[in-house]
Amino acid sequence: EDDDEVAVFHGPAEDGYRAVGQAMVDLRDRFERAAAAGVISEDVAEQLIAVAKGLHYRDRTVAAVAHHARDQVDAADLAAIRAFVADDGPG
């Protein structure tokens with residue numbers, strides 16, 4: 001429902017407008033799929049989604065979410081989501 005769900009920060013024309021951040025909808029999808037795959041719990045996915053939603057759309061990346069969630073989410077869960085995303089492809 002929110003415009004920020006699909007907003008993506010990108011670089012300049014000379015860099016081909018390359019995406020610098022990730023859309024909230026994509027982060028939400030990745031965290032929910034990680035939970036569905038048993039990589040993280042549904043509670044951890046919800047925590048990560050809340051952290052991502054609290055970031056400005058320009059700052060939304062998995063790395064930024066993990067950084068900002070480090071005081072709320074166990075380090076093993078953060079490592080698991082980073083590995084899941086690395087195996088999941090670009091972004």
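Just so you know, all these numbers are worked out from the coordinates, no wet-lab data involved. No experiment lies behind these values; they were computed from the predicted model shown. All Cβ positions, glycine included, derive from the backbone under ideal geometry; neighbour counts span all protein chains shown.
Not counting the cut sites, what is the longest span of the chain without trypsin sites (Lys or Arg not before Pro) that DSSP labels loop and that have at most 16 other Cβ atoms within 10 Å?
Segment 19-69 is the longest.
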Rel. contact order, % - alpha carbon contacts under 8 angstrom, at least six apart, the stretch 35-83: 43
Given that just one value was derived from the coordinates, which of (1) 14.3, 43; (2) 17.3, 74; (3) 13.0, 41 is Rg and Dmax of the Cα atoms in Å? (3)
